[in-house]
Amino acid sequence: MADLMDDLPYPDHAFDYLLLTNVAYSYLFPRWRRVRFLRQAHAILKHGGIFIISFAPARGDPRIPAGLSEWLFMRLRRWGLFNREYEPGDCFEGCLLHFFRSEELAQEFQEAEFLIKEWLWDQGYAVLVKL
């Protein structure tokens, strides 16, 4: 999946619809890779095309003090055995995922020139449109 998401092998304006499920977008990091993927998705959509994308929304764990996991991972990423590309929002929960805050996700979508048509935050989906 990572190879395909690094370089979408399709011509511009090839699709009316794109669907990315199973929080696959949350497995892409760092941020520049996510934005690059979004720009490629934007390019292969026809004008007016729809992109339905899933993500892992940030939901605080009441057992962990706010900010503790980010503080810990920011320090651990300096060591060779850990992910040096760790960013605030990345968490380890069985596998490494990026849990999004609504503002940062909206910024990534807008940076790739998508219009957010519908926002299903609690379900972890967004419906994007290429204008």
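The values are calculated or read from the model by the stated rules, or taken from the named source; none is laboratory data. Just so you know, these numbers come straight off a predicted model, no measurement behind them. Cβ coordinates were reconstructed from backbone atoms using ideal geometry, including for glycine residues, and neighbour counts include every protein chain displayed.
Between a first residue in segment 17-37 that is among the hydroxyl-bearing types (Ser, Thr, Tyr) and a second residue that is in a helix (DSSP H, G or I) and surrounded by fewer than 16 Cβ atoms within 10 Å (Cβ to Cβ), which pairs have beta carbons less than 8 Å apart while being 6 or more apart in sequence or on different chains?
Tyr27/Ala2
What are the residues in segment 102-124 that are among the hydrophobic types (A, V, I, L, M, F, W, C) and either closer than 13 Å to His42 by Cα or crowded, with 18+ Cβ neighbours inside 10 Å (or both), if any?
Across segment 102-124, the qualifying residues are Leu105, Phe109, Ala112, Phe114, Leu115, Ile116.
Considering only residues that are touching a Leu at 6+ places or on another chain (Cβ under 8 Å) and surrounded by fewer than 16 Cβ atoms within 10 Å (Cβ to Cβ), which ones fall in segment 18-56?
Those that are touching a Leu at 6+ places or on another chain (Cβ under 8 Å) and surrounded by fewer than 16 Cβ atoms within 10 Å (Cβ to Cβ): His47, Gly48.
Considering only segment 76-89, I want to know if a residue exists there that is in a strand (DSSP E or B) and either at pLDDT below 65 or within 30 Å of Leu131 (Cβ to Cβ) (or both).
There is no residue in segment 76-89 that is in a strand (DSSP E or B) and either at pLDDT below 65 or within 30 Å of Leu131 (Cβ to Cβ) (or both).
Where residues in segment 98-124 are in a strand (DSSP E or B) and within 11 Å of the chain's Cα centre (by Cα), which of them is modelled with the highest pLDDT?
Only one residue fits best here, namely Phe100.
Keeping to segment 20-50, report how many residues are within 13 Å of the chain's Cα centre (by Cα) and either among the β-branched types (Val, Ile, Thr) or not in a helix (DSSP H, G or I) (or both).
Of the residues in segment 20-50, 8 are within 13 Å of the chain's Cα centre (by Cα) and either among the β-branched types (Val, Ile, Thr) or not in a helix (DSSP H, G or I) (or both).
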